[in-house]
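Before any comments, here is the structure.
The values are calculated or read from the model by the stated rules, or taken from the named source; none is laboratory data. All of these numbers come straight from a predicted model, not from anything done at the bench. Ideal geometry is used to build each Cβ from the backbone, glycine not excepted, and the neighbour counts take in all protein chains shown.
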Amino acid sequence: MNERRPVLPLPIVMLVTDRQACGDRRLEDVVEAAVAGGVNVIQLREKDLPASDLYGFALRLRQIVGTQALLLVNDRIDVALAARAHGVELGGDALPTEVARQLAPELVIGRSVHDSAHAGEAVAAGADLLIVGTMFASRSHPGMAPSGPSLIRKVAALSTVPLIGIGGITPSNARQVISAGASGVAAISAVTMALDPKDAAARLVAAVNEAWPTAPLHKRH
């Protein structure tokens, strides 16, 4: 492993951004509140923005997270490098994992996967973590049938890197995901649409931390 690559904080509670779900609040303010509530990874995911605008957001969020959280940029390795983010999260249509690793050995590289086969390929190609979904019905993926925590169990049997469950994550169901073998969860609406994002983040963090000690030791990557 590249010595300069950031260390993943486990267990992970990730906020995936969606500025459209923030109402009349600034995305930066919601992220700042989430980090204050204990979120330790931010994924900047604003797919409709041109690179210049995304870069501006990345710079501001990088300053907000400071040393309290890691900042990953969705898909755009160029923006992640330019803004000195900690890593990149690659979706299904992004560059191949091995190409991303060659381009940016110093970045944490995450990969979104929906089945065991793609999970195995991503790990073999150099991914540092996998975002696995969809766990439960979610607003961000209305047409995708949820796989449930059973998908985490299947991927965990093959994976040697941390798994992050995504899709409809709330404080009430986070325990199921951690108990299935995940090293964390990723949420969007549960935090961005909450009246009090800091409190919502804190409740999600508490639920994950409560479940973490009971998770099988061999699943904690």
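Per-structure values
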read-out	value
Condition met for Ser172 (under 23 Å from Asn209 (Cα atoms), of a type in the set (Gly, Ala, Ser), touching a His at 6+ places or on another chain (Cβ under 7 Å) and modelled with pLDDT of 95 or more)	no
Looking only at segment 96-108, and only at residues there that are touching a strand residue (DSSP E or B) at 6+ places or on another chain (Cβ under 9 Å) and of a type in the set (A, V, I, L, M, F, W, C), the one that is surrounded by the fewest Cβ atoms within 10 Å (Cβ to Cβ)	Ala104
Of all residues in segment 1-25 being of a type in the set (D, E, K, R), closer than 20 Å to Asp75 by Cα and at pLDDT 95 or above, the one that is nearest to the chain's Cα centre (by Cα)	Asp18
Test: residue in segment 30-50 that is over 25 Å from Leu130 (Cβ atoms), assigned to a helix (DSSP H, G or I) and acidic (Asp, Glu)	yes
Residues of segment 109-134 satisfying the condition of being of a type in the set (A, V, I, L, M) and surrounded by fewer than 23 Cβ atoms within 10 Å (Cβ to Cβ)	Ala117, Val123, Ala124, Ala125
Every residue from segment 42-57 that is over 15 Å from Glu32 (Cβ atoms) and free of Cβ contacts under 8 Å to residues at least 40 places away in the same chain	Glu46, Lys47, Asp48, Leu49, Pro50, Ala51, Ser52, Asp53, Leu54, Tyr55, Gly56
Residue identified as touching a residue at least 60 places away in the same chain (Cβ under 8 Å) and within 16 Å of Val108 (Cα to Cα) among Leu81, Leu71, Leu10	Leu10
Filter result (at pLDDT below 95 and loosely packed, with under 15 Cβ neighbours inside 10 Å) within segment 197-219	Pro213, Thr214, Pro216, Leu217, His218
Residue ranges of helices (runs of 4 or more DSSP H) in segment 163-212 with at least 1 members more than 24 Å from His114 (Cα to Cα)	197-211
Qualifying residue in segment 96-109 (condition: out of contact with any helix residue (DSSP H, G or I) (no Cβ under 6 Å at 6 or more places or on another chain), outside any loop (DSSP other than H, G, I, E, B) and within 16 Å of Ile188 (Cα to Cα))	no
